[in-house]
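Just so it is clear, none of the values below were taken in a lab; they were calculated from the coordinates. Keep in mind it's a predicted model, so treat the numbers as computed, not measured. When we count neighbours, we look across all protein chains shown, and the Cβ atoms used for this are built from the backbone with ideal geometry, even at glycine.
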Amino acid sequence: MAGHASELEIAKKNLTDAIGDNVKHYWANLKLWFKQKISKEEFDVEARRLLPQENVHFHNDFLLAILTRCQIIVSTPATQPESWLETDK
């Protein structure tokens, strides 16, 4: 799982570097999208406005890294104590 965390960190750094001074605006828009205050389409439009055309892929890479990380967390079985297997005798 650590490999995926670093993928997310790398994607975040690449995006942050590509956006530059407008990074706070990007994070604010991301929060608005997570809170369902703006649509995904509105978020994408704003991201494209903040990024040069050749760097839009960093936005997509970052979102894919977030989704991959979430999928791994959800699909990883939680470790439970062995006592849950025991039955009363």
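General observations
- Packing-based ranking, highest mean first, of 20-29, 33-42 given that Cβ atoms within 10 Å are counted: 20-29, 33-42
- FRET efficiency for the Asp21 to Gln53 pair, using the beta carbon distance and R₀ = 25 Å, is estimated at 0.90.
- Label-to-label distance, Leu32 versus Lys12, with points set 7 angstrom from Cα along the beta-carbon direction: 2.2 nm.
- For segment 2-73, the Cβ-based charge dipole about the Cα centre amounts to some 320 debye (Lys, Arg positive; Asp, Glu negative; other atoms uncharged).
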